[in-house]
Amino acid sequence: MTLAVVLVATLAAESPRPSISVVVRGAELSQQALDAAAPAALLRKVPLPNAAEPRGAPPALPQERIAAARKAYVNADFAQCLEQVADDAALTAALGQQDRANAARVLLWRVACNVGAGKLEPARRSAAQLAAFSLQAPAEVGSVSPEVEAVIARAYQEAGGMRAVPLEVSGTADAAVELDGRPTGCTTPCTLEVLEGSHVVRLLADGHEAVVKLLRVSAPRAALEVELPTAAPELAAAQWSARYRAAPDADGASSVRLLSTALRSARLVMLNVEQASGGRLGAVLAIDGAVTARAERSGDPATELPGLLNDLLVRGQLIEASVPLYRRPLFWVAIAASVAAIAAGVTTFFVLRPVETRVSFQ
Amino acid sequence: MKRALPLLLLLACIEHREVGVNFGETGEGLDGFLCKDAAGRLVLDRLGDGGVADGGPPALGVASLVTDFIDLGGLPGCRTGQLVKWCSEHRCMAISSTRICTPMQLPTNVTGSDREALRARVREQLVALKGQQVISDAPGQAVILRVLATGESCEAIAAASAFDTKKLVGCAYSCPTLFDKADQDVYLGFETLTGSCEQGLRICADGTLTWKP
């Protein structure tokens, strides 16, 4: 009795159960199965995100304005033409949206309308911009005057003779870098070779919002440091759905980090359950987005699940490894108390042993 | 079977003891059976009316031998005075569940007999009780065992709340004893310095061991 009471008290004194979110990939696994498999933790099954990417912003350079600029140019209304394509912010945004074709058209009409208005210097700057962005001359170039074509050709020629300037991009680690609306294959921190002049740099990273920067690059070198804002869970959910939902590396560190943000989960377990080929279980534990433990088992998932979760949570130091009873000090305290109680009971029994005395005449 | 097991274990743990009671090797504890009343007649003669003549002396009368364990509520001394004083201040009470009444025969029409010869005759009758059980499990507290002989029948005794003092013919009692700890036979006797001890007999027979004139 005493032993039982002490052991119950020992168990009651254990640390509180950690709360952990669990996502399950592959075969279905019920909340009851999770509860039964890891009684030392409070597992909460949550669904995998299945969110669509947020709808893209409307085109920064509406076709109507470009068409209106062309019409104004044809009508020799160069002021009206320039008004339609003068918005630098829209040009930057368009390159941020990888809309290089419309960016090239805007710059073409800037060159053409400036030339038409007799403003040769602004026309040359716009042509140089076209060349610095490495934009292809749009098909409409055939509908402008030869003088305009000459300005543009000269700008491309001058750009070809320019030396590249190193541009160091840093800030949020592992962000993909796009330059002037084109992917570069570079991830931060990295260095790009760019022509002198204005450039549009866009940085993207999982779990972060994308940022577009317009910067002026001049010799001998330039640098750009950008810390991307952390993505809201909704954006992270959309990013995860798009990149990892059907990907084989969904249990990778990047995926799990993104998923932790998407699910607002400080502690996240991703379970991969395969029933085929005798069954296989894989699990990864992330704490504050960082993977802290992995575990894997082969065999019937229902049978292996408790062991797998125990391995994972012990490695992740969320629960303590189960210590054999005989190595717990309280066990020996309980044993000693029990022995003392039994000794006292036996002594009491013999001292107060029931006696039956038969009395008879002699 | 499952219910019987703990009971068997308990029984196995119980210590069984045997304690005998006697009136002394030569019947010296039988003075309470040799009392005379105020008129000088032996109280045994009270059995005379129901006496059974078996062809002449010695005559035997029908009596009832009643054994009672009396709870004293403590452990007083053994002398009569001590017992009477104790019971006047404490609650001394026969434990009704321990009473056994046994019909037997005792000498009667004995007035004028030699005292020691009469003692021997009474002892001879009581020896017939040898081996008879007084109780299978003596009380666990200090008690005195009282053996009382009366001319009343066992039925009449069971129906009455007290003994008829005019029919008492003998009494003996033990010292206050814890029978569970008794290491030898318990002696039953009657303390008197004179043969005129009928009053002592009444006290002995009283349910609360108190003297009532």
Taking into account only those residues within segment A:217-235 that are outside any loop (DSSP other than H, G, I, E, B) and without any contact (Cβ under 8 Å) to a residue 60 or more places away in the chain, which is surrounded by the most Cβ atoms within 10 Å (Cβ to Cβ)? A:Val217
Looking at (1) assigned to a strand (DSSP E or B); (2) of a type in the set (Val, Ile, Thr); (3) in contact (Cβ under 8 Å) with a residue 40 or more places away in the chain, find the lone condition where A:Thr261 falls short. (1)
Residues of segment A:324-362 being away from chain B (no Cβ under 14 Å), assigned to a loop (DSSP other than H, G, I, E, B) and free of Cβ contacts under 8 Å to residues at least 40 places away in the same chain, which ones? A:Pro324
Residue among A:Leu285, A:Leu312, A:Leu318 that is in a helix (DSSP H, G or I) and either at pLDDT below 90 or in contact with a strand residue (DSSP E or B) (Cβ under 7 Å, 6 or more places away or on another chain) (or both): A:Leu312
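For every residue, the table says whether it meets (1) over 17 Å from the mean Cα position of the chain (by Cα); (2) crowded, with 20+ Cβ neighbours inside 10 Å; (3) modelled with pLDDT under 90.
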position	(1), (2), (3)
B:Leu7	yes, no, yes
B:Glu18	yes, no, no
B:Val21	no, yes, no
B:Gly29	no, yes, no
B:Phe33	no, yes, no
B:Asp37	yes, no, no
B:Leu44	no, yes, no
Checking B:Val110 against (1) within 14 Å of chain A (Cβ to nearest Cβ); (2) assigned to a loop (DSSP other than H, G, I, E, B): exactly one of these is not met. Which one? (1)
In segment A:64-91, which residue that is of a type in the set (Asp, Glu) and part of a helix (DSSP H, G or I) is surrounded by the most Cβ atoms within 10 Å (Cβ to Cβ)? A:Glu83
Output for segment B:121-140, where each listed residue is within 11 Å of chain A (Cβ to nearest Cβ) and touching a residue at least 40 places away in the same chain (Cβ under 8 Å): B:Leu126, B:Leu129, B:Val134, B:Ile135, B:Ala138, B:Pro139, B:Gly140
So, in segment B:148-163, exactly how many residues are surrounded by 14 or more Cβ atoms within 10 Å (Cβ to Cβ) and over 22 Å from B:His90 (Cβ atoms)? 8
If only one of A:Glu296, A:Glu274 is touching a residue at least 60 places away in the same chain (Cβ under 8 Å), surrounded by fewer than 18 Cβ atoms within 10 Å (Cβ to Cβ) and in contact with a strand residue (DSSP E or B) (Cβ under 6 Å, 6 or more places away or on another chain), which one is it? A:Glu274
What are the residue pairs meeting all of these: first residue in segment A:111-125, first residue touching a residue at least 12 places away in the same chain (Cβ under 8 Å) and among the aliphatic types (A, V, I, L, M), second residue surrounded by 15 or more Cβ atoms within 10 Å (Cβ to Cβ) and not in a helix (DSSP H, G or I), Cβ atoms under 6 Å, and 6 or more apart or on different chains? A:Ala112/A:Val144
Please work out which one of (1) assigned by TED's automatic domain parsing to the domain that holds A:Leu130; (2) assigned to a loop (DSSP other than H, G, I, E, B); (3) of a type in the set (A, V, I, L, M) is the condition A:Ala40 fails and give its number. (1)
Selection from segment A:170-183 of residues that are part of a strand (DSSP E or B) and under 20 Å from the mean Cα position of the chain (by Cα): A:Ser170, A:Gly171, A:Ala176, A:Val177, A:Glu178, A:Pro183
Being among the charged types (D, E, K, R) and over 20 Å from A:Val115 (Cβ atoms), is that true of even one residue in segment A:137-160? no
Which one is surrounded by the most Cβ atoms within 10 Å (Cβ to Cβ) among residues in segment A:144-169 that are of a type in the set (A, V, I, L, M, F, W, C) and in a helix (DSSP H, G or I)? A:Ile152
Mind listing just one residue for me: the one in segment B:90-105 that is in contact with a Gly (Cβ under 6 Å, 6 or more places away or on another chain) and surrounded by 15 or more Cβ atoms within 10 Å (Cβ to Cβ) and, of those, farthest from the other protein chains (Cβ to nearest Cβ)? B:His90
Evaluate the following for B:Leu118: is it away from chain A (no Cβ under 14 Å) and either in a helix (DSSP H, G or I) or modelled with pLDDT under 90 (or both)? yes
Does B:Thr108 satisfy being within 24 Å of B:Thr80 (Cα to Cα) and crowded, with 18+ Cβ neighbours inside 10 Å? no
Inspect segment A:126-143 for any residue being more than 32 Å from the chain's Cα centre (by Cα), more than 30 Å from A:Thr261 (Cα to Cα), charged (D, E, K, R) and not in a loop (DSSP other than H, G, I, E, B) and give the result as yes or no. yes
Tell me, please, whether a residue that is crowded, with 21+ Cβ neighbours inside 10 Å, within 14 Å of chain A (Cβ to nearest Cβ) and of a type in the set (A, V, I, L, M, F, W, C) can be found in segment B:202-211. no
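The values are calculated or read from the model by the stated rules, or taken from the named source; none is laboratory data. This structure is a prediction, so every number in the text was calculated from the model and none was measured. Methodologically, a virtual Cβ is constructed for each residue, glycine included, from the backbone with ideal geometry; neighbour enumeration extends over all protein chains shown.
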